[in-house]
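Peer 1: Below you will find the structure I want to go over with you.
The values are calculated or read from the model by the stated rules, or taken from the named source; none is laboratory data. Just so you know, these numbers come straight off a predicted model, no measurement behind them. Here the Cβ positions follow ideal geometry from the backbone for every residue, glycine too, while neighbour counts run over all protein chains shown.
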Amino acid sequence: MARTFAIKRQPGFATIAMICIALLYIPIFTLVVYAFNEGNSVAIWKGFSLRWFHAAWNNDKVVDASIRSVRIASVAALIATVAATMAALATTRTKPYRGLTFKYAFINQPLMIPEIVTAVALLIVFARVKVATGYSGLGYLIAAHTAFCIPFAYLPIRARLESMDLTLETAAADLYAKPWKVFTRVTLPLLWPGIIAGLMLAFVISLDDVVITEFVKSGGQDTLPTYMLGQLRRVVTPEMNAISTVFLAISILIVTVFFFISRRRT
Amino acid sequence: MASAAEIAEKAERDDIRNRWLLTTPAIAIIFLAGIGPLLVVVLYSFLTPGPYGDVKWEFSTGAWVGVFLQRDIFEGTLGIADAHLSIFLRSVWLSFATTILTLIFGFPTAYFIATRSEKTQALWLFLITIPFWTNLLIRTFAVQEVIRNEGLLNSFLVWSGIVSAPVQILYTDWAIALGMIYVYLPLMVLPLYASMEKLDFRLVEAGYDLYATRFKVLTRIVIPLVKPGVIAGSILVFIPSLGAYVTPRVLGGGKQMMLGNLIELQFGAGRNWPLGAALALTLTVIVTVALLFYVRYVAAPERRNG
């Protein structure tokens, strides 16, 4: 029998794809490997050691910045998810009404403006507010993070809602369930995976932010990414690799869980 | 007594009111920490710079003039602001190069993934998504380690005999371009994949039946059919490239600036907040035009065609 003609094949495409995937992972892989380097260099291998993980763990600035990062991300992601869930409920499963497009545009606005522009805008405004009120706590960072987390939390929640039809809610209402009861007993349990996915996405986005945080933070309010950005100006030791490796591991873990939650169908 | 129609109408009014109430928190937060401050930037771009940063409350169009023109210190005549113009051109040029190169690499990759079996597609897609969701700064830092003089790339070049001594890549335009290609490649592959996944391969088969070569099938059938994905990917890469701040800062070492760094400079050592505001708005306008193009030619037709 003649060999079948592979209609989907294009010469060289598979090779380029392999090169691409390899190139995507080589830098990350190198970064992780040198986190375990015994020596002081990020390029010359001196043997296996965990000393840089110890160094990072005992570095007060790193620990401080990490705790601050997690704190801001938790609060911002939580508020953003609640706001996004409410907004998603209000903008799905309805016939188009006046102001719906306006709402979409408003909710997605943080995605449409370059981060650096939002960053300087917040710098200008918060600088004035700081002087006027004398308050310089984490509130500014939390407010800024919440705003840009909303569209990310909104996406999976809205997607989930759109895949749910109204029949179950209608059935519950037919059985004399009050609106609140319909919401807590029917809508919310069905929507839950979307909400969790949105919360995780918002958390990762907040944890990763560099630009807006760099411009909004007051003195001594470094998050882990802004601390790292500051350190990159100096001579870099494998301590940076160690921090990055832990950070990477956490991000990959969250993204993997997110991937499986959002893939599960109703 | 109210008629059925009136009751229905009231229910609909209540529904819409509730929907506005539910959206209020999200809108309020985004207004306070997004749109509101952006309006203040517009205001600031028409004020006079203060001596130590910040602004003086005097109207001036100086900042907008300063975006492209500069006053000659000795003659007092207006000329083109060479420094700004060269940074503008570099930003556009680097973003353009990044877009083209991610397209050249991303297109075959997306095609390869889209032509796998359904199960393996998910795995390949996952491999592309992982770097996409890992911290941008960490990825940039990883690139920095690879391209530094004693890094992997230079070690390889020297070892293989292509060059006799390490080449300075870090802190050049090349480094910025390499870094941006690296960090934005997934943004190209994902929309390309999305439109290739829907590709009807019966059309490809028909092409072969009519004696088309592989190259002809690619250029006459595949590429025209996935054009929306090509445009989407290009815009999704071009927009963040143009506003890039972290990558040029880390890989350009502060000497090779892009627009984002120029804006920052005005708020730091430059002490010209109105100029910074005007530059930021210029960037916003360019990005908005690109986005409107995207909505008009990619998002809207796609929705119409289901």
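Peer 1: Can you find even one residue in region A:50-60 that is assigned to a loop (DSSP other than H, G, I, E, B) and farther than 30 Å from B:THR129 by Cβ?
Peer 2: Checked against the condition, which is being assigned to a loop (DSSP other than H, G, I, E, B) and farther than 30 Å from B:THR129 by Cβ, region A:50-60 yields at least one hit.
Peer 1: Residue by residue through region B:251-306, note down the ones that are among the aromatic types (Phe, Trp, Tyr), more than 20 Å from A:LEU111 (Cα to Cα) and at pLDDT below 85.
Peer 2: Of all residues in region B:251-306, those among the aromatic types (Phe, Trp, Tyr) come to B:267, B:273, B:293-294, B:297.
From what's left, more than 20 Å from A:LEU111 (Cα to Cα): B:267, B:273.
Across region B:251-306, there are no qualifying residues.
Peer 1: Given the conditions (1) assigned to a helix (DSSP H, G or I); (2) within 30 Å of B:ARG90 (Cα to Cα), which single one is not true for B:TYR208?
Peer 2: The single condition B:TYR208 does not satisfy is (2).
Peer 1: Here's something else I'd like to know. Suppose we filter A:LEU161, A:LEU229 for residues that are under 26 Å from A:ALA127 (Cα atoms) and either acidic (Asp, Glu) or modelled with pLDDT under 95 (or both); which single one remains? Steps first, please.
Peer 2: Values: A:LEU161 fails: under 26 Å from A:ALA127 (Cα atoms).
From the options A:LEU161, A:LEU229, the qualifying one is A:LEU229.
Peer 1: Is at least one residue of region A:86-103 touching a residue at least 24 places away in the same chain (Cβ under 8 Å), among the polar types (S, T, N, Q) and either more than 7 Å from every other protein chain (Cβ to nearest Cβ) or outside any loop (DSSP other than H, G, I, E, B) (or both)?
Peer 2: Scanning region A:86-103 turns up at least one residue that is touching a residue at least 24 places away in the same chain (Cβ under 8 Å), among the polar types (S, T, N, Q) and either more than 7 Å from every other protein chain (Cβ to nearest Cβ) or outside any loop (DSSP other than H, G, I, E, B) (or both).
Peer 1: Is it the case that A:ASP60 is charged (D, E, K, R), under 22 Å from the mean Cα position of the chain (by Cα) and farther than 30 Å from A:ILE157 by Cα? I'd like the intermediate steps shown before the answer.
Peer 2: Values: charged (D, E, K, R): yes; under 22 Å from the mean Cα position of the chain (by Cα): no; farther than 30 Å from A:ILE157 by Cα: yes.
Spelling it out, it is not the case that A:ASP60 is charged (D, E, K, R), under 22 Å from the mean Cα position of the chain (by Cα) and farther than 30 Å from A:ILE157 by Cα.
Peer 1: Collect the residues in region A:232-265 that are among the aromatic types (Phe, Trp, Tyr) and under 22 Å from A:ILE67 (Cα atoms), keeping them in residue-number order.
Peer 2: The answer is A:PHE247, and nothing else.
Peer 1: Answer yes or no as to whether B:ARG202 is modelled with pLDDT of 90 or more, facing chain A (nearest Cβ under 10 Å) and within 22 Å of A:ILE19 (Cβ to Cβ).
Peer 2: In short, no.
Peer 1: Let me ask you something else. What number of residues in region B:256-290 are small (Gly, Ala, Ser), under 15 Å from B:SER95 (Cβ atoms) and more than 9 Å from chain A (Cβ to nearest Cβ)?
Peer 2: 1
Peer 1: Take the conditions crowded, with 20+ Cβ neighbours inside 10 Å, aliphatic (A, V, I, L, M), in contact with an Asp or Glu (Cβ under 9 Å, 6 or more places away or on another chain) and within 9 Å of chain B (Cβ to nearest Cβ) and apply them to A:ILE107. Does it pass?
Peer 2: no
Peer 1: Looking only at residues in region B:245-255 that are more than 8 Å from chain A (Cβ to nearest Cβ) and not polar (S, T, N, Q), which one is surrounded by the fewest Cβ atoms within 10 Å (Cβ to Cβ)? Let's see the steps before the verdict.
Peer 2: From region B:245-255, those more than 8 Å from chain A (Cβ to nearest Cβ) are B:247-248, B:251-255; that's our starting set.
If we keep only those that are not polar (S, T, N, Q) as well, we get B:248, B:251-255.
Numbers: B:PRO248: 29, B:LEU251: 28, B:GLY252: 22, B:GLY253: 16, B:GLY254: 12, B:LYS255: 9.
That would be B:LYS255.
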